[in-house]
Amino acid sequence: MAKLTLYFKDKPIFSGIYDTGVIHIGRDDTNEIVVDSLAVAPAHAAVVIKDGSCMIKQLNEKFPLLINNLAVKEWALQNNDVINVGKHYITFSVTETFLNNQPQNPQATAEKDPDVLALNHKLDQSVQQQEANLQIMDGPHIGRILPLKKAMTRLGHEGAGVVVIARRKNGYFVSALQGHEGLAVNKQPLGETTVLLKHNDIIEVDKTPMQFFLE
């Protein structure tokens, strides 16, 4: 798992643990990691965690992306790399997968590790609220968030497959509306089935992966 910790004046002000998906960094409040600085773009950079690798990409050419004080467009993050953002900085570190190595008393773990406690609390809230979004994980619109506010959300275009996501009381369900080629959930062809989406599921429409997540 990857851990990103935001510092200001050498004091940690935010820390998050992630195992997959896109983590958006920027000044705007819609980012996963918000950096309150005019030296940072509203959408500054995106960290893509996929297949065991972590790539960070620059999102705004007017705001340089600095890794270990080196200007880059894209960078494969390594343990202890530093992302410089104005007067702030973000450290990247690799942690062991705690989900498979929890002791028998999970409450004791939470008390000892505030990062785990905060993460679990966030996941609990997301399940209760049942508000959901899709986040684009690749391509020119990487990092873009698509709220699933409507009762029915249609994705795709004719000739390349179309899916519809239905918002119901018992969850969000995806099914193929038109065509089946290139339509998948977690790399499994969607076909004629209707799938109940779960937190962090990956939907693929016309070779564009999107991560489903609950707020």
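The values are calculated or read from the model by the stated rules, or taken from the named source; none is laboratory data. Predicted model only: the values in this text are computed from it and were never measured. Every residue, glycine as well, gets a Cβ built from its backbone with ideal geometry; the counts of neighbours run over all protein chains shown. We work out accessible area using only protein heavy atoms, side chains counted, and drop any ligands, DNA or RNA first. Shrake-Rupley method; radii C 1.70, N 1.55, O 1.52, S 1.80 Å.
The table below lists the values:
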read-out	value
Cβ pairs under 9 Å, 6+ apart, first in the range 132-159 and assigned to a loop (DSSP other than H, G, I, E, B), second hydroxyl-bearing (Ser, Thr, Tyr) and open to solvent by 70 Å² or more (accessible area, probe 1.4 Å)	none
Members of the range 24-42 found to be of a type in the set (A, V, I, L, M) and either surrounded by 19 or more Cβ atoms within 10 Å (Cβ to Cβ) or in contact with a Pro (Cβ under 8 Å, 6 or more places away or on another chain) (or both), listed by number	ILE25, ILE33, VAL35, VAL40, ALA41
Residue among LYS73, LYS57 that alone is basic (Lys, Arg) and open to solvent by 60 Å² or more (accessible area, probe 1.4 Å)	LYS73
Single unsatisfied condition, VAL47 versus (1) touching a residue at least 40 places away in the same chain (Cβ under 8 Å); (2) loosely packed, with under 14 Cβ neighbours inside 10 Å	(2)
Some residue of the range 9-18 being closer than 21 Å to ILE202 by Cβ and open to solvent by 50 Å² or more (accessible area, probe 1.4 Å)	no
Where MET1 falls short, out of the listed (1) under 13 Å from ILE83 (Cβ atoms); (2) surrounded by fewer than 16 Cβ atoms within 10 Å (Cβ to Cβ); (3) hydrophobic (A, V, I, L, M, F, W, C)	(1)
